[in-house]
Structures are given as structure tokens and as C-alpha cells.
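Worksheet: the structure to be examined is printed underneath.
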Amino acid sequence: MKSRSKQTAGVAAALLLATVVAVPAQAGVSADAQVASTYLFRGLDVSDGNAQVSGTLMYSHDTTGLYGSAWASSSGDGSQEYDLAAGWAPDLGAFKLDLGAVNYVYPGTSDDRDNVGKETEAYLGLGYGWFEFYYYDNVSSATSATNGYEYYSFNFTFDKVAFVLGYADPNEVQGQDWDDNYVHLDFSYAFNDNLTFTASKIVSVDDDAKDSDVAGDAAIDDDALFLVSYSLPFK
């Protein structure tokens, strides 16, 4: 999981190939590449305004709803990241259920975050029609910055327009006398199947958490963010 300090993005996506080798009859493999003007993660610019290139490889089984994915990213600041996810999302018609876990790996870092399994979140997604709710819980932490981290996401999608209301609830460092919790609001417009425009703003955060004199490198920047992304699916 990304922290607020400069730490993320990456390169690698072939990690699911071993899973894809023997694809059952009712299964699907998909992939895409994306270029974005910055790396936006849960209302935060984690690439310091640098552009980001990423790719996704996904395997899903139509009958059981089981899936796995590998996502890799690299940004202009030289940081790298790849994420491995696995879960279960059965076909329930208009209802939505998604259970799974995602592991964040940061190659070249000086701590255990460069090892698979050291930074992991479990998640639960529920939805109906145009609404989805997701809950993420950090179940494996390599650093104190991500220990006890929880995230709640309320997603609303209407045709080409989408809104995300997110609430991040990290566990503050021992002895810290300010609150790290924050709320962000994202608005996205899909111009077409490939091009998307996003505006993001942190709408609630402790004043001390924004103050670099108090929070140091972990200070939260609540300025509005604007993102342009272009995706290219491979079929």
C-alpha cells in the first residue's frame, strides 16, 4: 500500500502467466496499458506530479467468478511498483459481491516492501446497480506507516460520469498528537472508451496533518488534483 511519502509506481506484469498457462474452457484473459498525467491513489498524488505508465494482466473464470491480476507501474520520478491481486466476484445480476486480497510490492526499496506478501490488504466490495461500496483492511504491514490502515470507498457510476467518496483511516504513529484521517472526493468523466478526465480534492483533513512543519514529509497536500489518463485494451 502506498504511503503519503514519495514511494511508489513500477514495472512488471507477466507474473500471472503461470496462472494463465492452462486456461479452462470458460475463462478470460485480458490486458491493457495506461498512460496518466500523474499517479492518483486514494485522493493523493503519490508521484509528485510525474506522469505514470502502467499495465494490467487479468485472468477470470466465468463460471466460478474467481480471478487474479497483476498490475505494474512506473512513473517519471523513477519509482516502481507492482500489485498482485486475487479474489472472487460471482455473477449475481444487478447485485455485486467482490472478496479478495491485493499485495503491493515496491522493487528497490530499503525495507521489506520489496518482497511479495509483506504489504497486503484484504477487501470486501458490495454493490447494486450504479452504487458500490468497498472496504480495505491492511492485514500485513512492512512499515509502521501502513500498520492498521483502513480505507472505505463509496462509488457512484452513471454512464460516463463517476464519483468516488473515499475515507482513509491510518493508525497514527505512537505519540503523534494529530489525526491522519482524511476524506477525498473524485469526479471522473469518460470522454470515450480510452480517454478519461478526473478531478480530485481532499475535502476533510486535520490542519496539523497538512502542515509540513508538524507532519514533515508525511504532510498531506489538499490542493485540487487534475488527471488525464488514456488506456489501451489488448484483445
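The values are calculated or read from the model by the stated rules, or taken from the named source; none is laboratory data. Values in this document were obtained by computation on a predicted structure and should not be read as measured data. Glycine also receives a Cβ, built like all others from the backbone with ideal geometry; neighbour counts cover every protein chain displayed.
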Condition met for Tyr106 (on the phi < 0 side of the Ramachandran plot and in contact with a helix residue (DSSP H, G or I) (Cβ under 6 Å, 6 or more places away or on another chain)): yes
Every pair of residues 6+ apart whose Cβ atoms lie under 7 Å, when the first sits in segment 51-68 and is over 16 Å from Tyr82 (Cα atoms) while the second is among the small types (Gly, Ala, Ser) and not in a strand (DSSP E or B): Ala51/Ser37; Ala51/Gly76; Gly65/Ala89; Tyr67/Ala89
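Which one is modelled with the highest pLDDT, of the residues in segment 215-235 that are aliphatic (A, V, I, L, M), touching a strand residue (DSSP E or B) at 6+ places or on another chain (Cβ under 9 Å) and more than 12 Å from Gly43 (Cβ to Cβ)? Give the derivation first.
Going through segment 215-235, the residues aliphatic (A, V, I, L, M) turn out to be 215, 218-220, 224-225, 227-228, 232.
With the extra rule that they be touching a strand residue (DSSP E or B) at 6+ places or on another chain (Cβ under 9 Å), the set shrinks to 220, 224-225, 227-228, 232.
Next, from what is left, pick out any that are more than 12 Å from Gly43 (Cβ to Cβ): 228, 232.
Numbers: Val228: 97, Leu232: 93.
The selected residue is Val228.
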Cβ-Cβ under 6 Å pairs, at least 6 apart or on other chains, segment 28-50 side touching a residue at least 60 places away in the same chain (Cβ under 8 Å), far side hydroxyl-bearing (Ser, Thr, Tyr) and not in a strand (DSSP E or B): Thr38/Ser47; Asp45/Thr38
Residue list for segment 180-214, restricted to those being under 19 Å from Arg42 (Cα atoms), of a type in the set (A, V, I, L, M, F, W, C) and at pLDDT below 95: Val205, Ala209
